[in-house]
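J.: Provided herewith is a single structure, encoded as structure tokens, for subsequent inquiry.
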Amino acid sequence: MVILTVYALRTFTPHVPDTAWPTLLALVFTVALHLWRRNVMLSVLGGTADHVALAGTLFASPEESWETRCGAVDVTGR
């Protein structure tokens, strides 16, 4: 669990709110879930799902949508 925490926080920059808030909220959720249930697998899966949901929905910028990353949308205007 320590390795996963270090890996998740390796690129944590508090000056960039779009990436800092989902990471921080998922970390708080993971710690709370682990203290409540004392189950490592549940904590890891729950924290991962929480981070993916937050980063992909609430804190996702329109420029970083799935369609843009896959090339389905031309953002250059050409």
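J.: First select every other residue whose beta carbon is under 15 angstrom from the beta carbon of Gly47; then total the charges, Lys and Arg +1, Asp and Glu -1.
T.: Cβ neighbours under 15 Å give a net charge of +1.
J.: Determine the gain in length on full extension of the stretch Ala20-Leu58; use 0.36 nm per residue of separation and subtract their C-alpha separation, reporting nm with one decimal.
T.: 12.4 nm
J.: Could you calculate the contour length gain from Val40 to Arg10, that is, 0.36 nm times the residue separation minus the distance between their Cα atoms, to one decimal place in nm?
T.: Residue separation times 0.36 nm, minus the Cα-Cα distance, leaves 8.7 nm.
J.: Ordered by residue, what ³J(HN,Hα) values in Hz, to whole numbers, does segment 40-52 give under the Karplus form 6.51 cos²θ - 1.76 cosθ + 1.60, where θ = phi - 60° and Gly and Pro are x?
T.: Computed from phi, the couplings for segment 40-52 are 5, 4, 5, 5, 5, 5, x, x, 5, 4, 5, 5, 5 Hz.
Readers should treat all values here as calculations from the given coordinates under stated rules, not as data from a laboratory. Predicted model only: the values in this text are computed from it and were never measured. Please note: Cβ atoms are built from the backbone with ideal geometry, for glycine as well, and neighbour counts cover all protein chains shown.
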